[in-house]
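The values are calculated or read from the model by the stated rules, or taken from the named source; none is laboratory data. Just so we're clear, the structure is a prediction, and the values are computed from it rather than from any experiment. For neighbour counting, all protein chains shown are included, and Cβ atoms are generated from backbone atoms with ideal geometry for every residue, glycine included.
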Amino acid sequence: MDSDLKSAKSAYQNAKAEGNHREEARWANVIGDILKNRGEYVKALKWIKIDYDVSRKHLPEKHLLTTCQSLGEIYLRLERFDDALIFQ
């Protein structure tokens, strides 16, 4: 695991432990983005879904825009076109 991913996962765990939902969602998105850029789409999807779930439950709706775009992009790369259309 490289240092960027390790640092992001540590920051995510800290935010989650503190109950800081905004940072928890943000770091889950960062982790998903790192994995997406590596081509690890299934792993990226897991983290972007965490971002989506936390954002949907705890944050204002406007925070869902980038998360939905990320979900749509990952579903597209996984060739799950019906799912991609829902989020794009």
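Go through the residues of region 65-80 one by one and say whether even a single one is farther than 25 Å from Ser7 by Cα, among the hydrophobic types (A, V, I, L, M, F, W, C), in contact with a helix residue (DSSP H, G or I) (Cβ under 8 Å, 6 or more places away or on another chain) and assigned to a helix (DSSP H, G or I). Taking every residue of region 65-80 in turn, at least one turns out to be farther than 25 Å from Ser7 by Cα, among the hydrophobic types (A, V, I, L, M, F, W, C), in contact with a helix residue (DSSP H, G or I) (Cβ under 8 Å, 6 or more places away or on another chain) and assigned to a helix (DSSP H, G or I).
Within region 9-58, if we keep just the residues that are touching a helix residue (DSSP H, G or I) at 6+ places or on another chain (Cβ under 6 Å) and either polar (S, T, N, Q) or in contact (Cβ under 8 Å) with a residue 60 or more places away in the chain (or both), the residue that is nearest to Leu71 (Cα to Cα) turns out to be Asn29. Within region 17-51, being aromatic (Phe, Trp, Tyr) and within 18 Å of Leu78 (Cα to Cα) holds for Tyr41, Trp47. Please enumerate the residues belonging to region 44-64 that are modelled with pLDDT under 95 and in a helix (DSSP H, G or I). Matches in region 44-64: Glu61, Lys62, His63, Leu64. Scanning region 35-66 for residues that are farther than 18 Å from Lys9 by Cβ and of a type in the set (Gly, Ala, Ser), we see that the one that is farthest from the chain's Cα centre (by Cα) is Gly39.
Identify, please: which residue in region 67-88 is of a type in the set (Val, Ile, Thr) and buried (at least 16 other Cβ atoms within 10 Å of the Cβ) and is, among those, farthest from Gln13 (Cα to Cα)? Before you say what the answer is, go through the steps one by one.
Taking region 67-88 first, the residues of a type in the set (Val, Ile, Thr) are 67, 74, 86.
Right, trim to buried (at least 16 other Cβ atoms within 10 Å of the Cβ) and you get 67, 74.
Numbers: Thr67: 19, Ile74: 23 Å.
That would be Ile74.
Taken residue by residue, region 9-23 has no member that is of a type outside the set (S, T, N, Q), at pLDDT below 95, assigned to a helix (DSSP H, G or I) and surrounded by 15 or more Cβ atoms within 10 Å (Cβ to Cβ).
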